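Presented below is the structure to which this report refers.
Derivation of every value follows stated rules applied to the coordinates shown; laboratory data play no part. None of these values were measured; they are calculated from a predicted model. Here Cβ is always computed from backbone atoms with ideal geometry, including for glycine, and neighbour counts include all displayed protein chains.
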């Protein structure tokens with residue numbers, strides 16, 4: 001089968017680029033003296049996770065319990081869930097998961113720690129715990145002392161085992177690194193476990209070497225597997241040539257001479273990035289074009305700056321602004337090499353948000 005045989009919109013990934021990204025970042029993180037733990041929320045495909053593990057990854061990172069269930073069922077046994085697990089249904093699922101794999105979860109409150117402990121103890125399982133440090137007012141404890149107090153609590157609770165610390169993002173930001181260093185120092189002074197100190201971020205992976213001397217043990221990366229326009233805009237190390245994920249779309253209307261409408265809208269791509277100074281998505285065949293609006297099934301493209309205009313029936317190739325959210329909108333991703341379809345992977349963890 002050829003790419004031209006696919007119906008549109010079709011989510012595809014260039015396998016040559018994907019394999020290169022896996023190798024590049026594995027080497028980058030290994031050279032920094034850290035373990036690489038890929039965050040699978042970007043691709044949500046067990047087959048790709050096994051490729052990452054085969055290249056040297058130490059385990060995987062998931063964001064939700066139901067997401068982790070898919071990958072444990074696929075035979076993966078080392079899982080970090082980098083999210084506070086709150087609520088009885090999730091706690092029961094987490095406990096069942098801990099019977100099947102080595103599972104560690106992030107916590108930033110006594111409430112979360114006590115909930116995990118109670119369920120794990122009741123089910124006679126053990127769940128690893130890392131204390132999350134606040135790196136951007138999203139979640140995490142605010143000070144090293146807060147981290148110490150929560151670490152003491154976790155150490156005293158049944159059914160859970162303190163493993164260390166986690167934060168996102170890290171990288172070259174001195175405040176982030178100082179926070180980690182102060183907390184690691186405080187943990188060591190208290191005799192608290194820091195066997196696992198997990199940093200993260202694709203863009204910050206290029207500064208991972210600065211993390212090892214502080215006490216980091218691993219780096220989590222997610223978007224690196226595909227890359228996207230957002231990463232290209234944020235990092236001087238990432239270019240459009242590193243972007244493996246694309247969407248093939250068809251031009252379905254030309255309402256004005258400078259406007260082309262494609263069959264991919266907000267049910268095909270994320271709306272993130274639209275309306276900003278920088279372009280959101282990048283159209284390979286029409287690099288000067290801009291996506292200016294997305295309805296559910298229509299993507300509206302301004303082609304006024306293009307020397308040649310897209311024609312009705314023409315197929316175009318779009319690199320999305322945000323790969324993680326875009327992939328979650330599709331049932332399958334088609335792996336291609338050149339113009340040949342090599343594999344079609346079901347995105348088994350899409351929609352797994354619990």
For this session: Before rounding to the nearest 500, sum -39500 (n - 2.57) across all DSSP H runs of length at least 4 in the chain and divide by the residue total; then give [θ] at 222 nm in deg cm²/dmol.
Result: -8500 deg cm²/dmol
Exercise. Relative contact order of segment 80-232: what whole-number percent is it, with Cα pairs under 8 angstrom and at least 6 residues apart?
Worked result: 18 percent
Problem set entry | Cα long-axis angle, helix 174-190 against the chain (0 to 90 degrees, to the nearest 10) | 20 degrees
Problem set entry | Residues 226, 286, 111 arranged by fewest to most Cβ contacts within 10 Å | 111, 286, 226
For this session: Mind giving me the nanometre distance, one decimal, between the label points for residue 188 and residue 173, set 7 Å out from Cα along Cα→Cβ?
Result: 2.4 nm
Seminar exercise, completed: Taking Cα pairs closer than 8 Å and at least 6 residues apart, the relative contact order of the chain in percent is 21 percent
Exercise. Among 1, 166, 196, what is the fewest-to-most ranking by other Cβ atoms within 10 Å?
Worked result: 1, 196, 166
Exercise. For helix 15-31, what angle does its Cα long axis make with the longest principal axis of the chain, in degrees from 0 to 90 and rounded to 10?
Worked result: 30 degrees
Problem set entry | Order by protection proxy (mean Cβ within 10 Å, highest first), peptides 339-350, 141-152 | 141-152, 339-350
Exercise. Which whole-number percent gives the relative contact order of segment 31-94, counting Cα pairs below 8 Å spaced six or more residues apart?
Worked result: 31 percent
Seminar exercise, completed: Among beta bridges assigned by DSSP with both residues in the chain, the antiparallel ones amount in percent, to the nearest 5, to 45 percent
Exercise. P(r) of the chain in 10 Å steps, Cα pairs, percent per bin?
Worked result: 5, 24, 30, 23, 13, 5, 1
For this session: Neighbouring Cβ atoms within 10 Å as the yardstick, rank 298, 219, 39 fewest first.
Result: 298, 39, 219
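What's the FRET efficiency of residue 340 with residue 145 using the Cβ-Cβ distance as r and R₀ = 45 Å, to the nearest 0.05?
0.20
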Problem set entry | Extension gain (nm, one decimal) between residue 30 and residue 253, 0.36 nm per residue minus Cα-Cα | 75.4 nm
Exercise. Could the peptides 326-337, 197-208, 19-30 be put in order, highest first, of the mean number of other beta-carbon atoms found within 10 Å of their residues?
Worked result: 197-208, 326-337, 19-30
For this session: Determine the shape class of segment 32-226: with a ≥ b ≥ c the square roots of the Cα gyration tensor eigenvalues, call it rounded for a/c under 1.5, and otherwise prolate if a/b is greater than b/c, oblate otherwise.
Result: oblate
For this session: Compute the long axis of helix 110-122 from its Cα atoms, compare it with the longest principal axis of the Cα atoms of the chain, and write down the angle in degrees, 0 to 90, nearest 10.
Result: 80 degrees
Seminar exercise, completed: Placing each pseudo-label 7 Å from Cα in the direction of the beta carbon, residue 272 and residue 74 end up separated by a distance in nanometres of 2.1 nm
Problem set entry | Distance in nm between pseudo-label sites at residue 23 and residue 121 (7 Å out along the Cβ direction from Cα) | 5.1 nm
